[in-house]
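J.: Starting off with a structure, shown below.
Computed from the coordinates by the stated procedures, all read-outs in this text should not be read as laboratory data. What you see is a predicted model; the values in this text were computed from it and never measured. Cβ placement follows ideal geometry from the backbone for every residue including glycine, while neighbour counts extend to all protein chains displayed.
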Amino acid sequence: MNLKLKIKKGDQVVVLSGDDKGKTGEVVKAMPKEGKVVVQGINLVKRHTKPSQTSAGGIITKEAPIHVSNVALVDSNSGKATKVGYKEENGRKVRFARKSGDVIDK
């Protein structure tokens, strides 16, 4: 499964469903092959890790991936969720927020 993600690393997103519904965060990692994104401070899970030469081990809290359909881009004007569209501007394909019409990619 290889999706064309409209959300990229560094984007501000809001969670639409799940335990963290309504929370916002920045995309740390985008995984187009899995159709998932990792959002900073969202979908936290605890992992029990063995001690190794590099780490002490113990219980580590980290972000788990969340499906891209469960997040939406935050509109810079209103601060609410918006869909993402594409248009051509100055011979370049750019992303824009459908709610406000503002260009996301500069």
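J.: Could you run the Karplus curve 6.51 cos²θ - 1.76 cosθ + 1.60 with θ = phi - 60° over the stretch 51-57 and give me ³J(HN,Hα) per residue in whole Hz, x for Gly and Pro?
T.: x, 9, 5, 9, 10, 7, x
J.: Here's a follow-up. Could you give the size of the charge dipole of the stretch 38-91 about its Cα centre, using +1 on the Cβ of each K and R and -1 on the Cβ of each D and E, expressed in debye and rounded to the nearest 20?
T.: The dipole of the stretch 38-91 has a size of about 380 debye.
J.: How large is ³J(HN,Hα) for each residue in the stretch 31-43, as worked out from phi by the Karplus curve 6.51 cos²θ - 1.76 cosθ + 1.60 (θ = phi - 60°), to whole Hz, x for Gly and Pro?
T.: Running phi through 6.51 cos²θ - 1.76 cosθ + 1.60 with θ = phi - 60° gives 10, x, 5, 8, x, 10, 9, 10, 10, 4, x, 10, 6 Hz.
J.: Once the convex hull of the alpha carbons of the chain is built, what does its volume come to per residue, in cubic angstrom?
T.: In the chain, the Cα convex hull volume per residue is 134 Å³.
J.: Could the peptides 54-64, 17-27 be put in order, highest first, of the mean number of other beta-carbon atoms found within 10 Å of their residues?
T.: Sorting 54-64, 17-27 by mean packing, highest first, produces 17-27, 54-64.
J.: What is the dipole size for the chain, taken about its Cα centre, with +1 at each Lys and Arg Cβ and -1 at each Asp and Glu Cβ, in debye to the nearest 20?
T.: Using Cβ point charges on Lys, Arg, Asp and Glu, the chain gives about 240 debye.
J.: By its C-alpha gyration tensor, with a ≥ b ≥ c as the square roots of the eigenvalues, how is the stretch 49-106 shaped: rounded for a/c under 1.5, else prolate for a/b larger than b/c, else oblate?
T.: Since a/c reaches 1.5 and a/b is larger than b/c, the shape of the stretch 49-106 is classed as prolate.
J.: Please give the length that would be gained between Ile59 and Lys83 if that part of the chain were fully extended, namely 0.36 nm times their separation in residues minus their C-alpha to C-alpha distance (nm, one decimal).
T.: Gain on extension, Ile59 to Lys83, equals 4.9 nm.
J.: Now for a different question. By per-residue mean of other Cβ atoms within 10 Å, what is the highest-first order of 70-80, 92-102?
T.: The packing order, highest mean first, is 70-80, 92-102.
J.: What residue among Gly57, Pro32, Asn70 has its Cα farthest toward the positive end of the dipole of the stretch 28-81, where the charges are +1 on Lys, Arg and -1 on Asp, Glu, each on the Cβ?
T.: Comparing the listed Cα positions along the dipole, Gly57 ranks first.
J.: Now for a separate question. Please turn the phi angles of the stretch 9-14 into ³J(HN,Hα) values with the Karplus equation 6.51 cos²θ - 1.76 cosθ + 1.60 (θ = phi - 60°), one per residue in order, whole Hz, x for glycine and proline.
T.: Listing the rounded values in order: 4, x, 6, 8, 10, 10 Hz.
J.: List every residue whose amide H lies under 5 Å from the amide H of Val71, counting only residues 5 or more places away in sequence or on a different chain, with H placed 1.01 Å from N in the peptide plane.
T.: The list, which skips near neighbours in sequence, is Leu16.
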